[in-house]
Amino acid sequence: MSLARLQTWLQSVPPGPIADVTQLTSLLAACWDEFDGGTAEKMEPWKLHDRLEKPTWNPPELGFQMERHGGTVLGSSRAEIHEWVVDLDLKTASCSKGKSRNVRPPNKPLDTEALVQEIIAVVREGVSDPRVEWISSEVVKVDTLLAVPKDGKVHPKTLTARRKRFRMALRQAMTILGWGEKSRDVFERSIPDRH
């Protein structure tokens, strides 16, 4: 019954872009469960409201885009755009992932070099810092989790990449300073202290 209402309404719509998105969304959401493939990408009828974009009618196919926010919940500044095609004759719905777009400004880049220089200064001067554990006067452990802390605004993949960049830069800087990496994040003085 709901699908018949959508089909009847679309018969009055000329092929091409659809102007009345509100009416289309209401009719489509009411019959969404009748389309095979409609649950792809965890799609549900209520998600059509306020997210359906750029609907186009090319009988018997209805195409539209949907902005998905899965990544933004995890801290990403980008949302995926899904491209949907609904075939009213076959009663199918199929989805392909399209592009992505910024939904808020991206996170400020981490100044890895400045952070590494802070740690180098702590090691060089032999001072106390919560990010550096002095195992002995010749061995230090750098706490990367404290040096590059978790930030709720940063996507977990971004945080992992930042920590990896930090470790690589720190390893280089510590080697130049005369400290070799004994094990992950643990450095041993390889050049005697000249003080």
Q) Hey, with R₀ at 30 Å, roughly what FRET efficiency would Trp134 and Lys164 work out to, going by the Cβ-Cβ distance, to 0.05? A) 0.75
Q.
If I model a spin label at Glu125 and Glu83 as a point 7 Å from the Cα along the Cα→Cβ vector, what separation in nanometres do I get?
A. 5.7 nm
Q | Cα-projected label distance for Gln117 with Gln11, points at 7 Å along beta-carbon direction, nm | A | 7.3 nm
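At a 1.4 Å probe radius, carbon and sulfur cover how many percent of the accessible area of the chain? Intermediate values should be presented prior to the final figure.
Values: 6290 of 11830 Å².
Whole-percent figure for carbon plus sulfur exposure: 53.
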Q) ³J(HN,Hα) across the stretch 174-179 via Karplus (A = 6.51, B = -1.76, C = 1.60, θ = phi - 60°), whole Hz, x for Gly/Pro? A) 5, 4, 4, 6, x, 10
Q: Could you pull out the pairs from Lys108/Lys141; Lys97/Lys157; Lys54/Lys91; Lys97/Lys150; Lys47/Lys91 whose alpha carbons sit more than 23 Å apart here?
A: Lys108/Lys141; Lys97/Lys150
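The values are calculated or read from the model by the stated rules, or taken from the named source; none is laboratory data. Keep in mind it's a predicted model, so treat the numbers as computed, not measured. All Cβ positions, glycine included, derive from the backbone under ideal geometry; neighbour counts span all protein chains shown. Accessible surface areas use protein heavy atoms only, side chains included; no ligands, DNA or RNA. Shrake-Rupley method; radii C 1.70, N 1.55, O 1.52, S 1.80 Å.
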